[in-house]
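The values are calculated or read from the model by the stated rules, or taken from the named source; none is laboratory data. Keep in mind that what you see is a predicted model, and the values were worked out from it rather than measured. No Cβ is skipped: glycine too gets one built from the backbone with ideal geometry, and neighbour counts run over all protein chains shown. Side chains are part of the model used for accessible areas, which takes the heavy atoms of the whole protein and leaves out ligands, DNA and RNA. Shrake-Rupley method; radii C 1.70, N 1.55, O 1.52, S 1.80 Å.
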Amino acid sequence: MKEPKEPREWRLTRIFGADDTNDEDSVSTVDFDRKGEFLAAGDRQGRVVLFKKTLQQTPTKTNGGKKKSSGSKSPGTLIDYQYYHEFKSHAAEFDCFKTVEVEPKINRVKFLPRSSTDLAILTTNDRTIKLWKVTEKRPRSFVKENHSPTQEEGALDVDIPHAVYGDPFVTANCRKLYNNAHAFAINSISLFSDQETFLSADDLRINLWNMGITNQSFSTCSPWGSTKHTQTSSTSNP
């Protein structure tokens, strides 16, 4: 007979932000990466804030001499998310065709599956989708040290350079920009398992994009009842 499992214990570990934040700082969307190592939060200012998972040791409770798990992966370990990086994804812009201002609010943020240590993230506001690459770097410099291999007469001192690494820092660069394909506010983006295509949707249309093609999308659902190509005019950052 199997022993009954201990009830799962839920606890509040962290609150991000303050209670007196204004409407512009309100979180509009969140997303976890596939492994749960990173958490991304977008706000109405067009900013994306990244948090990284950390493991913290906590004192274990005892009940009759038996250790009790704290509800995380292992007894005495608590999963927490610490601030990792922040970048400005979108800014306010003006739609000349509809003569309206497009607010920078992040409607959706999506992590792409990781193929390296870098993070790839899709973000979108009402009109523009961007592909971001987040990289952690360590500055490197070379310092020469003087070495005297021998004390023999005529031996020359040799300067041997060696690398010195500084503290790591994180950078975010916009790699691709997909725009001018939606007449209404984009409310959703979804990734395909092939890691090469994704969908973007507004109230009346669903567009199919290829990651490497920024100036053309294929409309898979439209109010006209038939599919057609939507030619867009945009630029991409290599």
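Considering region 114-130 alone, what residues qualify as being within 11 Å of the chain's Cα centre (by Cα) and either open to solvent by 20 Å² or more (accessible area, probe 1.4 Å) or within 21 Å of ALA201 (Cβ to Cβ) (or both)?
Across region 114-130, the qualifying residues are ARG114, ASP118, ALA120, ILE121, LEU122, THR123.
So for region 99-109 (the condition being open to solvent by 20 Å² or more (accessible area, probe 1.4 Å), closer than 22 Å to GLN195 by Cα and hydrophobic (A, V, I, L, M, F, W, C)), does at least one residue qualify?
Scanning region 99-109, I find no residue that is open to solvent by 20 Å² or more (accessible area, probe 1.4 Å), closer than 22 Å to GLN195 by Cα and hydrophobic (A, V, I, L, M, F, W, C), so the answer is no.
Condition first: in a loop (DSSP other than H, G, I, E, B), modelled with pLDDT of 95 or more and open to solvent by less than 50 Å² (accessible area, probe 1.4 Å). Can you find one or more residues in region 131-150 that meet it?
Looking through region 131-150, none of the residues is in a loop (DSSP other than H, G, I, E, B), modelled with pLDDT of 95 or more and open to solvent by less than 50 Å² (accessible area, probe 1.4 Å).
Scan LYS88, LYS73, LYS66 and give me the residue that is at pLDDT 95 or above and open to solvent by 30 Å² or more (accessible area, probe 1.4 Å).
On inspection, the qualifying residue turns out to be LYS88.
State the number of residues belonging to region 203-218 that are touching a strand residue (DSSP E or B) at 6+ places or on another chain (Cβ under 7 Å) and within 11 Å of ALA181 (Cβ to Cβ).
Total satisfying the criteria: 9.
Please determine, by comparing only the residues of region 175-216 that are open to solvent by less than 30 Å² (accessible area, probe 1.4 Å), part of a strand (DSSP E or B) and of a type outside the set (Ser, Thr, Tyr), which one is nearest to PHE94 (Cα to Cα).
Restricting to residues being open to solvent by less than 30 Å² (accessible area, probe 1.4 Å), part of a strand (DSSP E or B) and of a type outside the set (Ser, Thr, Tyr), the top hit is ALA201.
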